[in-house]
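Notes follow once the structure below has been shown.
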Amino acid sequence: MRRRLAVSIFLVFSVGLFACTTPYKPFGVGGGYKDEKISENRYMVSFYGNGNTSGQTVWNFWIYRCAELTLEQGYEFFSIAPVQKKSSMNEPGDERLAKFTMLDPNLLAQGDKPRGVPVYYYTTYYTVTTYSSRAIVTMYKSPVPKRTGILLDANTVKTMLTPYVSSNAKNKAPEKKNLLIRAMVEAAIRSNRVNKEKSIQLEKALRQRL
């Protein structure tokens, strides 16, 4: 009886845990964001989703956290350095994790009566794909040092994604390409790299490249 009760509790917990999208929150059960300080203005920023969270949602929550953390630390702009081959600004690395074990309730009963055999004989494996995004984020204030790579304006990223994040991914997210271009152009203007006139040319060039 106790074993059957434990199995039932496990099943309810597992279904509840993996049936919902990972919310935007600090890392814990079911995923979330994680910040690891490297130096005064550099952090490793990660976001981990559960098996019900799409890669696009993970990316949106991750880039939002990059912007949010930049502003929290008193900076205006940030750049992204890859952690691994696919961890770039256009496609931060998604890690396809992992196998977990869940008991199949259809194998635990025969008709209306539970089978009177050890549960571990009836373990069924399901493969669940989860996504994560991570990169090294370097933060800057004005005036920005020369020879700095591509910058994103933190306030622009946060503003564009706030309705999406606040709704826990229920509202429509801005297109990734538009988000990145807008944030790059605003960073170039606010860091005095380009004036308003040249920013139009910059936006056209970015749209051709991305």
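The values are calculated or read from the model by the stated rules, or taken from the named source; none is laboratory data. Note that this is a predicted model, so its numbers are computed, not measured. We place every Cβ from the backbone using ideal geometry, glycine too, and count neighbours over all the protein chains shown. For accessibility, only protein heavy atoms count, side chains too; no ligands or nucleic acids. Shrake-Rupley method; radii C 1.70, N 1.55, O 1.52, S 1.80 Å.
A few notes on this one:
- Sole residue being assigned to a loop (DSSP other than H, G, I, E, B) and free of Cβ contacts under 8 Å to residues at least 60 places away in the same chain, chosen from Lys170, Lys204: Lys170
- Comparison of Asn90, Asn106, Asn52 shows that the only residue that is in contact with a Lys or Arg (Cβ under 9 Å, 6 or more places away or on another chain) and either under 30 Å from Arg190 (Cα atoms) or at pLDDT below 95 (or both) is Asn90.
- Index of the failed condition, Gly111 passing every other in (1) under 29 Å from the mean Cα position of the chain (by Cα); (2) at positive phi; (3) at pLDDT below 90: (1)
- Selection from the stretch 125-172 of residues that are closer than 16 Å to Leu69 by Cβ, open to solvent by 30 Å² or more (accessible area, probe 1.4 Å) and among the polar types (S, T, N, Q): Asn155, Thr159, Thr162
- Any hit, the stretch 130-149, residues being farther than 26 Å from Pro174 by Cβ, touching a strand residue (DSSP E or B) at 6+ places or on another chain (Cβ under 6 Å), at pLDDT below 90 and part of a strand (DSSP E or B): no
- Filter result (part of a helix (DSSP H, G or I), open to solvent by 50 Å² or more (accessible area, probe 1.4 Å) and free of Cβ contacts under 8 Å to residues at least 40 places away in the same chain) within the stretch 173-201: Lys177, Asn178, Arg182, Lys196, Glu197, Lys198, Ile200, Gln201
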